[in-house]
Amino acid sequence: MADAATPPKGKTPRYMQVAGELREAILADRYADGKQFPTETALCRQYDVSRFTVREALKRLQAEGLIARKRGSGTVVQPAAARGGALHQPLSNVGELLQYARDSEVVYSERDSGSLPQHVAEQIGENTDGTWRRFRGVRRQTPDTAPIAVTDAYFHEKLGDAVDKLDLAAGTLFSQIERTAGVTIGRVTQDIQAIAADDRIAKFLEIDEGDPVLRIVRCYLDPKSSAYEISVSHHPGDRFAYAMHIDLDS
């Protein structure tokens with residue numbers, strides 16, 4: 001097998017690569033409409049890896065809320081409506097972030113690099129020193145529909161040349177960084193605030209200056225609580241909806 005328990009320095013662990021490919025398949029609905037999720041044995045054959053590697057990959061997807069593993073029933077994909085998790089901040093379940101992106105499309109372009117803008121750093125409340133590369137994308141349901149968000153994504157210099165490997169037309173960037181840089185998400189914080197659109201945001205979203213928008217600032221931190229990616233998204237007030245399902249313990 002091409003499996004390796006301890007990958008060379010700088011190389012993404014094999015279980016994270018497997019988790020990344022399975023995550024993309026789930027979000028693309030390849031296991032929807034009652035299609036059976038592969039067994040551990042089938043996944044070992046498909047990716048030419050050990051059972052340990054497959055189990056670590058599945059643990060990661062389960063922690064993200066994308067799958068459920070039940071004794072005697074195997075692995076099942078969680079329905080989209082069940083991926084939001086419980087109401088909490090900071091976020092520990094990234095399934096809801098992925099759920100938002102699955103039914104829309106965005107293409108990013110690189111803008112500039114330098115220190116994180118002061119107004120963003122103040123929102124984060126974490127150490128944001130260093131150089132950040134900024135990418136911008138406008139998200140739509142389809143190419144001919146009105147924008148539902150404009151996002152600035154910032155990547156820290158510590159990620160090195162992994163940022164150069166991003167597929168800017170592939171949508172969600174943070175799952176790509178996880179694979180290409182070998183970085184693990186330890187925590188995601190999120191700040192949501194209703195504001196009035198300035199002239200720049202209004203133009204991107206095709207709305208009037210002063211119209212209400214939701215600003216969502218997300219900060220992705222590694223297990224050592226070091227920030228490596230930050231996204232700042234603006235959503236038109238009349239084009240944003242968020243549904244959450246909360247199960248209360250009896």
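For segment 18-51, give me the residue count where each residue is of a type in the set (A, V, I, L, M, F, W, C) and loosely packed, with under 13 Cβ neighbours inside 10 Å.
Just the residues of segment 18-51 that are of a type in the set (A, V, I, L, M, F, W, C), to begin with: 18-19, 22, 25-28, 32, 37, 42-44, 49.
Still in the list and also loosely packed, with under 13 Cβ neighbours inside 10 Å: 28, 32, 42.
Qualifying residue count, segment 18-51: 3.
Consider segment 105-144. How many of its residues are assigned to a helix (DSSP H, G or I), surrounded by 12 or more Cβ atoms within 10 Å (Cβ to Cβ) and of a type in the set (D, E, K, R)? Let's see the steps before the verdict.
First, the residues of segment 105-144 that are assigned to a helix (DSSP H, G or I): 118-124.
When the remaining residues are screened for being surrounded by 12 or more Cβ atoms within 10 Å (Cβ to Cβ), the result is 120-121, 123-124.
Narrowing further to those that are of a type in the set (D, E, K, R): none.
Total satisfying the criteria: 0.
A quick yes/no check of all residues on (1) surrounded by fewer than 17 Cβ atoms within 10 Å (Cβ to Cβ); (2) assigned by TED's automatic domain parsing to the domain that holds T128; (3) over 17 Å from the mean Cα position of the chain (by Cα):
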{"position": "A146", "(1), (2), (3)": "yes, yes, yes"}
{"position": "A149", "(1), (2), (3)": "no, yes, no"}
{"position": "G160", "(1), (2), (3)": "yes, yes, yes"}
{"position": "L168", "(1), (2), (3)": "yes, yes, no"}
{"position": "S175", "(1), (2), (3)": "no, yes, no"}
{"position": "A181", "(1), (2), (3)": "no, yes, no"}
{"position": "A197", "(1), (2), (3)": "no, yes, yes"}
{"position": "G210", "(1), (2), (3)": "yes, yes, yes"}
{"position": "A227", "(1), (2), (3)": "no, yes, no"}
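Residues checked against (1) at pLDDT below 90; (2) among the β-branched types (V, I, T); (3) in a strand (DSSP E or B); (4) closer than 28 Å to V183 by Cβ:
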residue: F204; (1), (2), (3), (4): no, no, no, no
residue: I207; (1), (2), (3), (4): no, yes, no, no
residue: G210; (1), (2), (3), (4): no, no, no, no
residue: H235; (1), (2), (3), (4): no, no, yes, yes
residue: S250; (1), (2), (3), (4): yes, no, no, no
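Being touching a strand residue (DSSP E or B) at 6+ places or on another chain (Cβ under 8 Å), closer than 16 Å to P13 by Cα and in a loop (DSSP other than H, G, I, E, B) is the filter here; which residues of segment 163-185 pass it?
Listed by number, the residues that qualify are V183, I185.
The values are calculated or read from the model by the stated rules, or taken from the named source; none is laboratory data. Only a predicted model underlies this, so the values are computations on that prediction, with no experimental measurement involved. So basically every Cβ, Gly included, is an ideal-geometry build from the backbone, and we count neighbours across all protein chains shown.
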